[in-house]
Every structure is written in structure tokens, then in C-alpha cells.
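What follows is one structure encoded as C-alpha cells, with my remarks underneath.
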Amino acid sequence: MTPEKIPKGPDPVRGALRLRDLKWLTEQVQTWQAEGLIDAGQAGAILNRYETAEQIADRRRHRSFVALCGLAVLMCGAGVLLLISYNWEDMSRVVKVGLIFSVVVAAFAGAVVAYRGERPVLGELLVFAGTILYGCAIWLLAQVFHIESHYPDGVRWWMIGALFTAYAVRSRFNALEAVALMTLWVLMEGCDFGRPNYHFIPYGLLAVGLAYWLRSVVVLVAAILAVANWLLVTSVTAWEEYELFIELMVLAGGAYYAAALFHKVESSFARAWTIVGIAVLLIALMPLSFNELHEGYWGRPDPDRFWTVLPIWVSAAVLFGFTLAGYWYARRFALREDWPVLAACVLALVRLVIPLGPRDRVDPWMPYTMAILFSAATVVLGLWLILRGVRLDRGLSFFAGVIALLVFVLVRWVDLIGDMISSAVLFFLAGVCLFITAYFWRRRSALLKPASGGGAAWIGPGHF
């Protein structure tokens with residue numbers, strides 16, 4: 001196979017842009033040329049550094065075509081499996097084994113022919129079909145030979161095949177398949193057997209590395225969500241720490257946000273880490289604002305509890321250490337800019353490591369104190385997102401902060417008050433606030449449009 005021939009995105013000579021960015025750049029170049037700042041040759045040289053509108057449209061059409069073909073392969077694979085299953089009882093063992101191996105070999109052989117014939121898209125689709133049939137073959141062969149074993153291992157070997165095939169042929173389809181199987185494997189091991197499944201860790205790291213190898217933001221988001229899923233499932237099922245897993249998710253959100261600091265500001269990978277990190281942070285902080293969550297935690301004497309929470313503490317230390325490493329690596333006043341994220345992580349870490357004491361020595365106001373602190377952290381994070389969105393002209397950050405604050409107010413109001421009439425009024429006011437916010441953002445965006453003389457500076461893709 002020749003993986004180098006698989007399309008790797010836009011022409012490396014021409015920079016990839018969104019259509020709206022290209023439109024802005026074209027308008028600016030025309031303005032600069034009209035004002036005599038550049039001549040026609042320089043204007044053409046600037047625009048030639050980036051994709052044309054036709055190339056951007058072709059790239060979008062190509063991605064849509066490949067995505068639909070991948071979905072078609074998935075449906076055809078399911079159809080083949082159902083067809084075989086329908087006639088399964090009427091086949092002899094030899095026919096069953098021969099049919100299983102023949103369809104898998106045929107798919108991969110067709111992929112080899114397609115790659116050698118300079119048809120990489122067809123080759124990738126056939127490889128994707130081959131790994132799907134390979135996974136079906138694992139279960140069918142187990143049924144033929146009546147193999148009874150730890151059934152999540154079948155998903156594990158299927159995942160391993162898809163993962164290393166994705167590395168071998170640089171296939172995004174196989175990468176997404178591997179991550180989906182990885183998530184299913186973790187759920188099976190945790191929910192059905194209560195196992196911590198530490199074997200996931202190297203595979204999770206390989207999945208994140210695969211996203212960079214493929215230069216795919218979609219694969220990266222799927223991989224880091226799979227890692228968060230492992231932390232969540234393992235802490236609740238295998239470690240049986242229903243009271244502490246939320247703090248672990250707060251630290252995971254902070255670590256994801258800090259991972260963006262290892263990238264250039266304009267990197268799409270940085271944007272992915274930032275968005276997922278903020279989303280995990282906001283979701284995890286919300287329940288910690290309830291004092292009921294802290295009441296059972298602060299006064300339960302249990303000498304053996306040290307060993308039960310040790311995996312949580314180790315995971316928290318690793319996540320917090322990675323967060324600090326991201327701030328240290330950035331060396332661009334990241335702490336001054338992003339301090340609410342680090343403050344939320346510190347607060348979660350403090351709650352994890354404070355020793356548990358007997359009930360009669362615990363301050364009865366401690367649960368309320370922690371609830372207030374986490375409520376303040378949620379509010380500060382929402383305000384920080386709003387101000388950051390206004391300062392950097394980031395609509396996603398601005399509206400994420402607005403929605404986070406509204407959700408927090410609504411949830412806390414319903415929990416504390418619970419009156420239907422007053423809650424209805426509050427929801428109405430929340431809707432009015434959203435209308436006002438949308439109008440404000442629209443007016444502000446209009447004021448920031450570049451004027452005929454050049455106007456405001458373009459900030460670029462940025463983080464969030």
C-alpha cells in the first residue's frame with residue numbers, strides 16, 4: 001500500500017481558509033490596492049498564498065462525498081452481516097469459516113488493488129469495510145467454534161485491528177471506528193465487570209497521537225472524549241467513588257484546556273482542546289454547587305478509605321501536573337489570562353486531598369462553604385468566558401459564558417425556590433436576556449466590520 005498517496009487535506013503551498021475568511025481577505029487586498037499600499041502583482045501574490053473559493057468548495061464537496069461513502073460502507077457491512085446471519089443455520093462449519101475469511105480477504109485485497117491503481121479514496125473505503133468485516137468475523141468464529149471467553153476481549157481485538165490499520169493507511173474512518181470501539185470496550189469492562197481497565201491508557205494515548213498523525217480535529221475530539229469517558233466510567237464503577245469523580249472531571253477539563261497551550265494560538269487542534277476542556281469544566285462544576293453533594297463526604301471516618309481513593313488521587317495528580325506543565329510551557333502570561341480555569345482545578349484538588357475526619361469534628365458549615373466556593377467558580381468562569389469573547393471577538397466563548405450563567409441561575413433557582421410561577425417568570429426573563437444578548441452581539445459585530453479605510457484588525461481563528 002502507498003499511504004503517501006492518500007489526500008492529506010489542502011495543497012500545502014496554499015493555506016486553507018474558510019469562505020468568510022477568504023472573503024474578508026479579498027476585500028482587504030482590494031482596499032489596500034485601491035489605496036496604493038500594494039500593486040496588482042503584490043495583491044495577486046497575497047491571494048495566491050491561499051485557496052481560491054473554488055478550491056474551498058471542492059474540498060467541502062470532497063469531504064461530504066467521502067463521509068457519505070463511509071456511511072454507505074457501514075450500511076453495506078451491516079447488510080452483509082444480516083445476510084450471512086439469515087442463512088447461518090443452513091451452512092456447514094466449513095462453509096461458515098470459508099465465507100468469513102473470504103469476505104475479509106476480499107475487502108483488503110480490493111484495497112491493495114485500489115491503492116496501487118492510484119485510487120486512495122476507494123482504497124480507504126475498502127480498508128474500512130475490511131476492518132468492519134474483521135470485527136464481525138471475531139464474533140462469528142467464536143460462535144462457530146463455541147468459544148466462550150471474556151466477551152469484551154472481542155471488542156478489544158477488533159479495536160486493536162482498526163487502530164493499527166488506521167496508522168498503516170492513514171485512514172480517518174478506521175480511526176473513528178477504533179475510538180468508538182475503545183469507548184464501547186471501556187463501558188463493557190466498567191459497567192458489566194467493574195474493572196478499571198488500565199490497558200485503555202496506552203490505547204487512548206495512541207488514539208490521540210493518531211489524530212495528530214492524520215491531522216484530523218474530528219478524530220482528536222473523539223479521542224479526548226474517549227479518555228474522559230474512561231475517567232468517568234472507571235471512577236464510578238471500578239473505583240466506586242460516586243462522590244469524587246466529579247472533581248476528577250473538573251481536573252480533566254483543566255488538563256484539556258491546558259493542552260491547548262502546547263499549540264500555536266491559530267491551531268485548530270488548540271481550538272478543539274479548548275472547547276472540550278471548557279465544556280467538561282462547565283458540566284462538572286454545575287453539580288458541585290449543591291451542598292447536598294458535600295454533606296456525606298466531609299464526615300465519614302474510614303481508615304481503609306485511603307486505598308479506595310488512591311487511584312483517584314493519582315489520576316488527579318497526573319491531570320493537575322499536566323495542567324501546570326501547560327501553563328509553564330506557554331510562557332505567555334497564560335496564568336494571567338486563564339486564571340479562572342486553574343482556580344477551578346485548584347479548588348477541585350483541595351476537595352480531593354483534604355483528610356476525612358470524624359463527624360463530631362467536622363464543621364457543619366463546611367458543605368455550604370464548598371457549595372458556595374464552587375458556585376462562585378462557576379459564575380466566575382461564565383463571566384470570564386463572556387469577557388474573553390468580547391475582548392477577542394469570539395462568539396462561541398461569549399455565548400458559552402452567557403448560557404453557562406443562565407443555566408446556573410435557572411438550576412439553582414429551581415432547586416432553592418421551586419415555585420412554579422416564579423420559575424416561569426425567571427424563564428421568561430432568561431429568554432429576554434438571551435434576546436438582549438443576541439442583539440448586543442449583533443450590534444457589536446456590525447461595529448467591528450472593517451471600514452473602507454481598513455477598519456478593525458482581523459484576529460484570526462484563535463482558540464475559542
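List of remarks:
- Ordering MET188, MET366 from the fewest to the most neighbouring beta carbons within 10 Å gives MET366, MET188.
- Dipole-positive endmost among LEU187, TRP157, VAL221 within region 149-238 (Cβ charges, Cα centre): VAL221
- Cβ-to-Cβ counts within 10 Å put GLU266, GLU247 in ascending order as GLU266, GLU247, the fewest first.
- Neighbour counting of Cβ atoms within 10 Å sorts the residues LEU285, LEU181, LEU392, fewest neighbours leading, into LEU392, LEU181, LEU285.
- Charge dipole magnitude, Cβ of K and R +1, D and E -1 - region 240-292, Cα centre, debye nearest 20: 480 debye
- Cα gyration tensor shape of region 193-290, rounded if a/c is under 1.5, else prolate or oblate by comparing a/b with b/c: oblate
- Interchain or long-range residues, amide H under 5 Å from TYR50's placed H: GLY15
- Neighbour net charge for ILE278 - beta-carbon separation under 13 angstrom, K R +1, D E -1: +2
- The peptide list 204-215, 375-386, put in order of mean Cβ contacts within 10 Å with the highest first, becomes 375-386, 204-215.
- Alpha-carbon centroid distance for the pair region 110-129 / region 188-252, whole angstrom: 32 Å
- Using the Cβ of LEU385 as centre and a radius below 12 Å, the other residues enclosed give a net charge of +2, where K and R count +1 and D and E count -1.
- Cα-based Kirkwood hydrodynamic radius, region 128-275, one decimal, Å: 16.2 Å
- Only Lys, Arg, Asp and Glu carry charge here, each on its Cβ (+1 for the first two, -1 for the last two); on that basis region 149-238 has a dipole of about 300 debye about its Cα centre.
Quick note: the coordinates plus some simple rules give every number you see, no bench work behind them. Since we're looking at a predicted model, the values are computed, not measured. Neighbour counts are summed over all protein chains in view; Cβ atoms, including those assigned to glycine, are modelled from backbone coordinates with ideal geometry.
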